[in-house]
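Down below is the structure, laid out as structure tokens.
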Amino acid sequence: MSIRGIDRRTFLRRTGAVGAAVAAGGLGTALEIGPREIAHAAGSTQPVKGGAITVAIVDQPVNMDAADGELYSSIEVYDNIFSKLINVTNDFKFVPNLATKWAQDDMKTWTLDLVDNAVFHNGEPMTANDVKFTFDRLPMHADGVFFAAWKRTEVLSKYRVRFHLSHPFGPFEASLAAFSEIMNQKAVKSGDPKLHPVGTGPYYMKQWVQNDHVTLARWNKYFKPNKPYLDQVTFRAIGDDTVRLTGLQTGQIDWIQQVPAQQSNSLLSSSQIVSSPGKPYFPYFIILNCSRPPFNDKRVRQAIAWCIDRAQFAKLLWFGTSVTATEAVSPPSPWYTGIDPYKGAPDPERAKALLKQAGKENLHITYLGQPNVVSQERTGEILKSQLAKAGITMNIQNYAPAQYFEQFGSHKYDLTSTYWSATLDPAHLYFPLTYSPSGWNFPGISSKRINAALEAFVYTTDLKKRHAAYPEVVRAVADEAPVIFLTNQVQRYWTSPHVHGSAPLPSLEIRLEDMWLKR
Amino acid sequence: MAQALVRRLLIAIPILFGMSLVVFVILRLVPGDPARAVLGLNATPELIAQMHRTFHLDDPIYVQYLAWIGGLVRGDFCVDYRSDQPIAQLLVQDLPVTLELVIVAMLMSIIIAIPLGALAAVRQGHVVDKVTQGLGLVGISMPDFWIGITLILLFSLSFQWFPSSGFVPFTQDPLQNLKDVFLPSLSLAVGLAAVLVRITRAAMLTVLEQDFIRSTRARGIREGSVIVRHVLRNAAIPIVTVIGMQAGYLVGGTIVVEQVFALPGIGNLLLNATLSRNYPIVQAAVLVLGISFVVTNLVADLMYIVLNPRLRTASE
């Protein structure tokens, strides 16, 4: 089969994604690209203006305050209402957005020049004061954790700001590209930002009927000429995978992000719908509570790691829609190392030997889960059977969300599993989760080796030094095993054949300004 | 009649008060801090403390209850923990969806079940009776969510007759609104219809065996008239009783059905709020659903009086 003179095999060979997939080895069918998606990914049509689409996300958005980052469903919506200082492309390049250029004055100072034509949806022009206001309020909000080194913002002129950091901060650009939605002081003071988001983004919020839909309309004073293309976008939350897919297949919905995993591969050849390229940007992993027995002993944690059969998780948990993962990122991330100190796993005998050394031959542990989170529940079941081969008895204890987070947040658990939606820079996962002084150190790990590796990786802005330091982060975390990576779920967007320009980004934002409709 | 209505309404007051108390206390007996559930992984000690202060979560339970009840009396249902939106606004927006769903489902089940039940009774032991009873058994056995998904696959995906999700208000587009609620209502109606078929059949068989029916037939009155005017009317009281009681089942069923069809009703609101321990929404939604249950039973009580002249005399 060939598309525009390129046969499928040649195309696969040429694409970076698949090249990286080959390097990873064993990514299997999860990243395969179907012929219909090639045409869309390659931009086979010229963007046209106009039209309205309906987007179906999985959960209801709950809070439009961009500093709170509350639920991915909220972020999916408000990332199109707010603009960030810089953007990331799907090949991991940082490109100008509200900041036209940025430069590092020294290891702890960055200066950014801003566009002079951005206007907030309330009519206020965007200036350096808004950038300062946004960053001044961040430390009181959840997203502040991703700017841990930020000290103060200095307004140099109307369209120039300088960030002063407490120490060199390697992931600064990535943090700007992922979490720097600029808010307007007047709008925040005059209305509840959770309900009334006012940004400079390509769309303004026309209507939010809670529990039903959010309608975004094109912002005609958007600072990028000719964008966005679509006039209106309606977000609806449809929790059931089958219902969402049916909506797409029957033309009620134009864009969805998740189909029943079992059908994913067969849908790639569907004539009714089109898939974007699949990108593994959603790591899934086990978290072990290192602050109390039995997992305060590294050998016990390593024993668990030796029991893990990742391929089984990829197959039974995600039905082939994920790749196996031994670190926070997978190809095509430029940070991917492929390091795996547990090559040859599952090896129950090695696990047994480690348990014997630790004096924990008859290990009994409890897995913390939530009955309404299917992936967590299934992970527990698969893990239980894998650990049993090394003589480990694991009980699954399900809790309602409130209790779950209470047990988890106060370290009253043995092990659990979760996903992570911020991996543009691997520091976004490793640093909050495994750096011992971090407020998000849910594993309760205190490891000099991990801390040193992370400090070398994070507290420098020299990219070469960062790349040299990163493998030790992967090795240290794998060796200490406060978290054990299982899979990386492939993000794939499904659209009607009329919707173009939709592709997963490493920042996981749905960038509507790139999408257009051609019937 | 008016006296009976007032008496029933007065009885409803302690019922609703008790219900509010039970819901309030039970929610607080469930282990776990709602601030943690709402904040999730973002739950830092500072944010948890801030939320406790904002929503008075550290006050004694009776103080919280009195504050809530005091607010209700003033029409203030408190605000959503997550979005800060007034809950009264959410209820006003979502209640019509659920009410429409329940009313249409009830009408559907009555239209399906009563003729089928009557037919099964009249043709007792025949094939029609056996098929009807078999269908009733199947209807009772199938859960709402499964019926919903099956209807979506059949009528939305295969035939493309009805949408698989979404809701347009009746005032905005009546035809689209009816299309939107048809499948969800049918999902709910199947279970109730199955119960009603069996009740209608059993009640009619009891009446059919009575002497006055034999006398009516002996007077040469047409069989259709005997069935509709005499048998069905006398069998109506148990049927109305069951419809009243099953209203609660329908309201409960909306929680699942609204989730499946992504309808913006109270059931969907309640489910999401329960999962995140959003106390004020759960309390308000349960109270509203409780009121609708009480009102439905009140209507059923009044229907008895209309249907049974002896009760009318007694109430007077």
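The values are calculated or read from the model by the stated rules, or taken from the named source; none is laboratory data. This one's a predicted model, so the numbers in the text were calculated from it and none came from an experiment. Using ideal geometry, Cβ is built from the backbone for each residue, glycine included, and neighbour counts are taken over all protein chains shown. Quick note on the areas: whole protein, heavy atoms, side chains included, nothing else; ligands and nucleic acids left out. Shrake-Rupley method; radii C 1.70, N 1.55, O 1.52, S 1.80 Å.
Working only within region B:250-288, note down all residues that are among the polar types (S, T, N, Q), in contact (Cβ under 8 Å) with a residue 40 or more places away in the chain and farther than 17 Å from B:Glu100 by Cα. Answer for region B:250-288, where residues must be among the polar types (S, T, N, Q), in contact (Cβ under 8 Å) with a residue 40 or more places away in the chain and farther than 17 Å from B:Glu100 by Cα: B:Ser276, B:Asn278, B:Gln283.
Mind checking whether some residue in region B:240-258 is open to solvent by 10 Å² or more (accessible area, probe 1.4 Å), within 14 Å of another protein chain (Cβ to nearest Cβ) and either assigned to a helix (DSSP H, G or I) or aromatic (Phe, Trp, Tyr) (or both)? For region B:240-258, residues open to solvent by 10 Å² or more (accessible area, probe 1.4 Å), within 14 Å of another protein chain (Cβ to nearest Cβ) and either assigned to a helix (DSSP H, G or I) or aromatic (Phe, Trp, Tyr) (or both): present.
Table: residues versus (1) closer than 23 Å to A:Thr54 by Cβ; (2) touching a residue at least 24 places away in the same chain (Cβ under 8 Å); (3) within 14 Å of another protein chain (Cβ to nearest Cβ).
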position	(1), (2), (3)
B:Pro86	no, no, yes
B:Leu91	no, yes, yes
B:Asp94	yes, yes, yes
B:Ala118	no, yes, no
B:Gln124	no, yes, no
B:Val128	no, no, no
B:Gly136	no, yes, no
B:Leu154	yes, no, yes
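Within region A:185-213, being within 11 Å of chain B (Cβ to nearest Cβ) and of a type outside the set (Lys, Arg) holds for A:Gly191, A:Asp192, A:Pro193, A:Leu195, A:His196, A:Trp208, A:Val209, A:Gln210, A:Asn211, A:Asp212, A:His213. Restricting B:Leu175, B:Leu196 to those that are under 18 Å from the mean Cα position of the chain (by Cα) and either in the same structural domain as B:Ala113 (by TED's automatic domain parsing) or crowded, with 19+ Cβ neighbours inside 10 Å (or both) reduces the list to B:Leu196.
Restricting attention to region A:206-239, the residues that are of a type outside the set (Ser, Thr, Tyr) and within 19 Å of B:Asp94 (Cβ to Cβ) add up to 13.
For region A:321-336, a residue qualifies if it is farther than 17 Å from A:Arg475 by Cβ, open to solvent by 10 Å² or more (accessible area, probe 1.4 Å) and among the β-branched types (Val, Ile, Thr), and the qualifying residues are A:Thr321, A:Thr324. Across region A:106-124, the number of residues qualifying as modelled with pLDDT under 95 and among the aromatic types (Phe, Trp, Tyr) comes to 0.
Checking region A:112-129 against the condition returns a match, with at least one residue being surrounded by 20 or more Cβ atoms within 10 Å (Cβ to Cβ) and part of a strand (DSSP E or B). Filtering B:Gly139, B:Gly125, B:Gly166 for residues that are under 28 Å from B:Ala236 (Cβ atoms), open to solvent by less than 10 Å² (accessible area, probe 1.4 Å) and more than 16 Å from the chain's Cα centre (by Cα) leaves a single hit, B:Gly139. In the set A:Gly439, A:Gly391, A:Gly409, only one residue is more than 14 Å from every other protein chain (Cβ to nearest Cβ) and either buried (at least 22 other Cβ atoms within 10 Å of the Cβ) or not β-branched (Val, Ile, Thr) (or both); that residue is A:Gly391. In region A:48-107, the residue that is farthest from the other protein chains (Cβ to nearest Cβ) out of those that are open to solvent by 40 Å² or more (accessible area, probe 1.4 Å) and aromatic (Phe, Trp, Tyr) is A:Trp102.
Of the helices (runs of 4 or more DSSP H) contained entirely in region B:2-79, those carrying at least 2 residues that are within 14 Å of chain A (Cβ to nearest Cβ) and surrounded by fewer than 16 Cβ atoms within 10 Å (Cβ to Cβ) fall at B:2-29, B:45-54. Is it true that A:Ile510 is away from chain B (no Cβ under 14 Å) and either under 26 Å from A:Arg310 (Cβ atoms) or part of a helix (DSSP H, G or I) (or both)? In short, no.
Residues that are within 7 Å of another protein chain (Cβ to nearest Cβ) and closer than 18 Å to A:Leu71 by Cβ within region B:260-282 comprise B:Ala262, B:Pro264, B:Asn268, B:Leu269, B:Asn272, B:Leu275, B:Ser276, B:Arg277, listed in sequence order. So, A:Ile396, is that one out of contact with any His (no Cβ under 7 Å at 6 or more places or on another chain), away from every other protein chain (no Cβ under 13 Å), touching a residue at least 24 places away in the same chain (Cβ under 8 Å) and open to solvent by 40 Å² or more (accessible area, probe 1.4 Å) or not? In short, yes.
For region A:237-260, the set of residues classified as open to solvent by 40 Å² or more (accessible area, probe 1.4 Å) and within 8 Å of chain B (Cβ to nearest Cβ) consists of A:Asp240, A:Gln252, listed by residue number. Here A:Leu463 clears all of (1) open to solvent by 30 Å² or more (accessible area, probe 1.4 Å); (2) touching a Pro at 6+ places or on another chain (Cβ under 7 Å); (3) within 24 Å of A:Trp110 (Cβ to Cβ); (4) not polar (S, T, N, Q) except the condition numbered (2).
In summary, B:Arg277 fulfils each of the numbered conditions (1) crowded, with 19+ Cβ neighbours inside 10 Å; (2) in contact with a Pro (Cβ under 9 Å, 6 or more places away or on another chain); (3) farther than 23 Å from B:Gly75 by Cα with the single exception of condition (3).
Considering region A:371-388, and only residues there that are assigned to a helix (DSSP H, G or I) and either free of Cβ contacts under 8 Å to residues at least 24 places away in the same chain or within 13 Å of chain B (Cβ to nearest Cβ) (or both), the residue that is farthest from B:Arg36 (Cα to Cα) turns out to be A:Ala388.
Among the residues of region A:261-302, the ones that are part of a loop (DSSP other than H, G, I, E, B) and open to solvent by less than 10 Å² (accessible area, probe 1.4 Å) come to 5 in all.
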